Every structure is written in C-alpha cells, then in structure tokens.
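Please read the structure below before turning to the comments.
Throughout, read-outs are computed from the coordinates displayed, never taken from laboratory work. These figures come from a predicted structure and were not determined experimentally. FYI the Cβ positions are ideal-geometry reconstructions off the backbone, even for glycines, and counts take in every protein chain you see.
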Amino acid sequence: MTADVTDLMKKLVSLCKRRGYVFQSGEIYGGLQSSWDYGPLGVELKKNIEASWWDFMVSTRPDVVGMDSAIITHPDVWKASGHLKNFHDPMVDCMKCKSRFRQDNIEGDSCPECGGSLTEPRDFGLMFKTQMGALEDDSATVYLRPETCQSIFVNFRNIVTATRQKLPFGIAQTGKAFRNEITARNFVFRSREFEQMEMEFFCLPEEAEKWFEFWLDERLKWYRELGLKSGNIRTRRHDEGELAHYANSCFDIEYTFPFATGGWGELEGIANRTDYDLKAHIEESGQDLSFLDQINKAKIIPYVIETSGGVGRTMLAVLLDAYREEVVEGRERIVLGLHRSLAPVKAAVLPLSKKLSGNAMEVFDMIRTLFPVQFDETGSIGKRYRRMDEAGTPFCITYDFDTLDDNCVTIRERDSLDQIRIPVETLAEKLSALMDNGWPAG
C-alpha cells in the first residue's frame, strides 16, 4: 500500500477505536489477528446496516421471507455443497521471512514483503473444524458454517410447506460465518469471523436471467441509499475462469477500498447458482426438494439468484466514504458524514455551561426515547462539537443561557454547520422531520 493509503487506514482505525466503533479482540493480551469487537457506536452502526438490509430485502417485499439457522451444521451439508472438496485456497510461504500468502493474491515468484523465494503452492482448507459431543474422533467432526446460504437450501421444502410461497420467491438471512483465511487483513474487510447478508431467490429456469438483472440493479440501489457516492461503486462481471463451481454467471459490486489491488474490492456478489445446490442436496440426502409448479402441473428444480454481502465490508465502505478532514475557520476538524439513517447517535444535547446541565437534561429526557441521543457537558462547546462530528452525529442541540428566557434551543447540522433556533416544545417534531427529510426540513 502507498503511504497515503496506509495513513488513511491508520487514521480510520484510530478513529474507530477512539470513538467506540471497533476494537481489536483481546487487545489487552496483544490482540487476536483478524478478530474484531464492535464497540457502543459500532454495534449500533452494524445494527442499522442490517436493519436497512432487512427492510429493503424482506420487510417491504411480499415475495421474500426470512430465516435464522444454526451455525453448526450437519457435516453432510458441506459434503453435498462441494465445500469439503472445493473450499480451498492455494497457499505459499516465503522461505526467507516466513510470511504466508494466497498464491492468487500475489504477482510473480518473489515474496512481496522481502523479495525472497516462495514455496510451491499447496491446498489450504478454509473451513473451521470442531467436534460435537463426548467423543473427539472423526465421527464427531462438525464444521462452523462458511456461509449462510446452504441452510436456506436444505430448509427449502420446510419453508415452502410453511409459507406456501409461489415461484418466484426468496429466502433471506443474516448471521455469522467462519472462514480460516490464509491472510486476513485490512481491518474488517477480511476476517475469519464475519456476518453475511444473503438472499436466495428461487425462480423458473427460463426467468433466471431476468431476475439476475433485477437483483443486480436492486442491490446497487440499496448501496446508493446508504449514502455511498456513486463514483465509488461499480459492477464487474466475473471471467469464466474465476466463476465459483456452483455459478454460471456472477457480478461483483465493488467499492474503491484504498488498499484493494487495482483500487477496487468486492463488496457483494450477485450470482446465478442455477439448480446446482438443490440438486446436490437431493442427491446426497435422497429427499425430494423439487417444487410443484401449479401452472404447468409439473415438478421442477428452481434456479437460484443469490445476493451475498458482508456487514463488515459494508460498514467499512460506509466509514471510508463518510470520513473527511477539513479546515473550518482556521481549525481542522474530522468528520464522519454518515447518512442520518445509519448514524449510531442521531443527536447530542450540549449545555453551554455545566450550570445549565440540569435544565438541559430535561430536554435530553424529552427526546431520548424517540432517538439515540447523547448528553455531553465536558469541555468547551467547540471540542464537544468536534467529538460529535467525529462520531458521525448529524445534529447537535445547544442549551444556552438564553434558553432560560426564551425556551428555545439551537440545532446545529454536522455537514453544513448551519444552525436554527426553535422552541423546545417543537424539538421532537423538528428532529423527526430532519431525520426523515434531511436539512433543512420545513
């Protein structure tokens, strides 16, 4: 990475720790590589992203239902899906500095760290293996799921029976997945424990291409609604040689992650998985997972269009897109220009003086049940503004000495720095309008 890219990532990682977005797991013991804990603001941002995805993909659609499956799954699921056979990466080691890499992530025959010679590539299994039950032998081997979609396929018949869905329809879920990556790096972009947001859309084979294009457009639309700049996202079709074993076509939605090779890194994949998965589980289990097409009075194996994104990568893209440094009236400030729908804290109540804290707390109590709000009375008002700018808080509400006379407070908007003064009794209504419509609202 270039110095500028390294500097940007260091600044973002520092901000995430300083403001309570992301901490390295087990930091007091030296930290566990590629394992991250989400702090008070990070967990709220993560939940807001997941809620936005669920609303967009499930709650507002009549043709998509949800589920939540177990992390530890029957081992035959991974045999049928092809993971036990195919879920490997080519690994090489540097014989000089002992660094380890995925062969397909480096160019040439020399170590990118020190220039040393590399070993011959060998397969590295990506699935986390453990034992279930009292015995610790091969009969007790189970796996932590490397993706959430397979449990959707094996529950296909159950869900069709329970919901009486008609084709086309989708099944969605979010949740943890685990991959024993050779090199997990670049903050939360690639980690061994992560959360997926996946939807499998079942359709007639002859309609698969139509739905593939539909869902590619829909997913791009969602990322734009998160506030990501259109120039920072693009789509890229997979070459035939890089297609997964289950797909006949795939597009990646990519973001301009600063550390990514070529300047673009995968944010989400949209794939036509054909009927591969259902057929594989029919063959392995001996169960009938076909769908009875009521119109044609025939059993069919539906095709599947998959949308698969990561919460961590989405959160990183959102943070990178929102981060900026600027000088205002000769003073530098760091801002997270998060979309107000994603911001972990929507507003902060700031008494101009600690002498006003008691009165300002009444304002805080009035709105804290409506929005995630913070109360901050420590330090100068300028420093408190800047703390909230760094945290991504869209609005600051200042309670000053004039409020004692006119019962009005000042609302300051994070990005424009514009201010309006309104009566306290209209504050809740005004904030609601600002949250819905942006600045200014009415």
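Couple of notes before you dig in:
- Global geometry of segment 136-286, whether rounded, prolate or oblate, following the gyration tensor of its Cα atoms and the 1.5 cut on a/c: oblate
- Mean-position separation - Cα centroids, segment 131-169 and segment 23-37, in angstrom: 30
- Among [x] 23.9; [y] 24.6; [z] 22.6, the entry derived from the coordinates for Kirkwood radius over Cα pairs in Å: [y]
- Trypsin sites (Lys or Arg not before Pro) within segment 10-119, DSSP loop, no more than 11 other Cβ atoms inside 10 Å: LYS98
- Residue pairs, from the table LYS17/LYS221; LYS11/LYS430; LYS10/LYS98, whose Cα atoms sit over 32 Å apart: LYS11/LYS430
- Length-normalised contact order for segment 345-437 - Cα pairs under 8 Å, 6+ apart - percent: 28
- Over the chain, dividing the summed -39,500 (n - 2.57) contributions of all DSSP H runs of at least 4 residues by the number of residues returns a 222 nm mean residue ellipticity of -9000 deg cm²/dmol.
- Leading residue at positive end of dipole, the chain (Cβ point charges), from ILE152, VAL43, THR403: THR403
- In this Cβ point-charge picture (+1 for Lys and Arg, -1 for Asp and Glu), the chain has a dipole of about 760 debye about its Cα centre.
- Structural descriptor for the chain: relative contact order 12 percent, calculated from alpha carbon pairs under 8 angstrom and at least 6 residues apart.
- Segment 345-437 - charge dipole about Cα centre, Lys and Arg +1 at Cβ, Asp and Glu -1, debye rounded to 20: 380
- Comparing PRO372, CYS16, GLY330 along the charge dipole axis of the chain, the residue lying farthest to the positive side is GLY330, per the Cβ-charge model.
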